[in-house]
Every structure is written in structure tokens, then in C-alpha cells.
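Just so it is clear, none of the values below were taken in a lab; they were calculated from the coordinates. If you're wondering where the values come from, they're calculated on a predicted model, not measured in any experiment. Note: ideal-geometry Cβ built from the backbone for every residue, glycine included; neighbour counts use all protein chains shown.
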Amino acid sequence: MAGPGQGNAVTDETAGTGQTGRKAELARNLAVVERRIATACAVAGRKREEVTLIVVTKTYPADDVRILSELGVRQVAENRDQDAAPKAAECADLPLTWHFVGQLQTNKVRSVISYAGIVHSVDRLRLVDALSAGAVRAGREIGALVQVALDAESGTRSSRGGAAPDTVGEIAEAIAAAPGLRLDGLMTVAPLAGPYAGQPRAAFDRLTEISSLLREAHPAANMVSAGMSADLEDAIAAGATHVRIGSAVLGVRPGLG
């Protein structure tokens, strides 16, 4: 039996070893992703600093976020408020910008406003109104991206979130006029259906075209959030300014696919 003060020695040592191993794993993965981004920028004739890495930490614990911060990551993202809110609270002491990238219901806006600096998934006017009211109430300015669904029919929203391209202008104007919000640009996810299914480069090229039109009216709305672990090279080639990388950094958790 362990003596006084020794009861947790083995457990603490094991935990410390586990954290050390996890930090080494995340450092290796980050290095690989960094090389991919740098190579893609070089191939596209772009400067490396033109592309910002956002690490999507969904399903992973606050301990991993803390390790990522130690490794120099400053931009992290979540897609479910019920996971993000407690994680962001636990990591409130870290120098991080939190991005919300999932479909957002208006009843979750007040919570999301409390930690997120940028919301990537604005796809309807009612959500613009809710975000604006929440930001004003909280005394914050929140960056907002219009999520573009390249598989949505004219005037509709996709079942996976995002507005049809022909509604982007209306939503963008509403964001630009809304107190507490800042129109930062556009976001998309490579579609699984429609004319761009299986063609991420073509999809991201189309997003860049829409972004160019948006910047004619709103020059500061120059953020293009596109590309994930499987298609970051295509996104960078098309002009993405921010890539959202999850599994390539954190791995795939067992049972989550």
C-alpha cells in the first residue's frame, strides 16, 4: 500500500507520460500539415503567410486544445455548441481565437457569442438578426462569414447548411449593416451532391469567384474559408485564406469515423 503522499504517484506519472506522448503526436501531425500547406502555397505561387490554419478540435478534449496552444496554434474551431462551450470555458486562459463552423440554431446564439470570435456558418437572415442582437447584448463584435452551399437550388438553403449562391449578396448586406457584426467573407464545404460533387477544386474556384464579387462592394470581406484535411491543397490552389483541419492534426477517434 502506498504511504502518505504517494497514492497518486503511479497515476500521475502515467498521465504525464500520456500527455508527453500526445504532445509529440500532435507536433508530428502539425508538422506534416504545415509542410502540406507550405508546399501547396509554393505550387500556387502564394506566400505561406497568406493561409491561416484553423484546427478543428471537435470530439477532442480540452487537454488537446491546451497542447495545441503550447505548440503554437492560435486558431481553433468547433461545430457543436454543446461541446464547444465547456471546452472554451476550460481554455479561457489561452491566447486562442475560437471559430464556430457548424450549423447554428438561433437558440444557441447567446452561448456561441460568449466564446466565438468568428462564425463561419451564417446562411439566413434570421440568424444574422439573432447574432447581431446577441453581439450587442454581450458588447462584442463578432466576425461573420456567409456559408455558401454550392449544391443548393436557387433561393434555398442546403440540408447540410449554407445558402445558395444567389442569396449570398442579400445575406452579406444584412451582416454588413448589422450592429455587432463584421462581414469577414465566405465559407464553403466541398459538396457531396450537385454539379460540384467530387470536384473540390472546381467548387473552391467557384467560391473564389463569388468572393471576388463580394469584395467589389465590401473590400474588407476578404476571408475565404475552404478546405479540410482531404482537400486543403485544392482550396489553397483556388485562393483560400483559411483552411479548417481536423483529423490530419488530431487523428480519427475510434468509433467516430
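Take every DSSP beta bridge whose two residues both sit in the chain; close to 5 percent of them are antiparallel.
Computing FRET efficiency as 1/(1 + (r/R0)^6) for GLN19 and ARG182, where r is the C-beta to C-beta distance and R0 is 30 Å, gives about 0.25. Could you point to the label whose value was computed as Cα extents along the principal axes in Å for the structure here, given [x] 70, 45, 32; [y] 43, 36, 36; [z] 52, 42, 34? Matching entry in [x] 70, 45, 32; [y] 43, 36, 36; [z] 52, 42, 34: [x]. Relative to the longest principal Cα axis of the chain, at what angle does helix 168-177 sit, 0 to 90 degrees, rounded to 10? In the chain, helix 168-177 runs at an angle near 70 degrees to the longest axis.
Here LYS23 is the anchor, and the lysines within straight C-alpha reach of less than 21 Å, apart from those fewer than 8 places off in the same chain, are LYS58, LYS87. Across the chain, the relative contact order, built from alpha-carbon pairs under 8 Å that are at least six residues apart, equals 17 percent. Looking at LEU183, LEU250, VAL168, which one has the Cα that reaches farthest to the positive end of the dipole of the chain (charges on Cβ: Lys, Arg +1; Asp, Glu -1)? Highest projection toward the positive end goes to LEU250.
Measure nothing fancy, just the Cα-based angle from helix 125-138's long axis to the longest principal axis of the chain, in degrees from 0 to 90, nearest 10. Approximately 50 degrees, to the nearest 10. Dipole check for the range 9-250: with +1 at the C-beta of Lys and Arg, -1 at the C-beta of Asp and Glu, and the Cα centre as origin, the magnitude is about 100 Debye. For the range 178-195, 3J(HN,Hα) computed residue by residue from phi via the Karplus equation (6.51, -1.76, 1.60; θ = phi - 60°) reads 7, x, x, 10, 10, 6, 9, x, 10, 9, 8, 10, 3, x, 9, 9, x, x Hz, glycine and proline entered as x. For the range 135-211, what does the alpha-carbon gyration tensor say about shape, rounded, prolate or oblate, given a ≥ b ≥ c as the root eigenvalues, a/c under 1.5 as rounded, and a/b over b/c as prolate? Note, shape of the range 135-211 comes out prolate.
Counting only helical runs of four or more DSSP H residues, what would the 222 nm mean residue ellipticity of the chain come to if each run contributes -39,500 (n - 2.57) and the total is spread over all its residues?
Computed ellipticity for the chain at 222 nm equals -14000 deg cm²/dmol.
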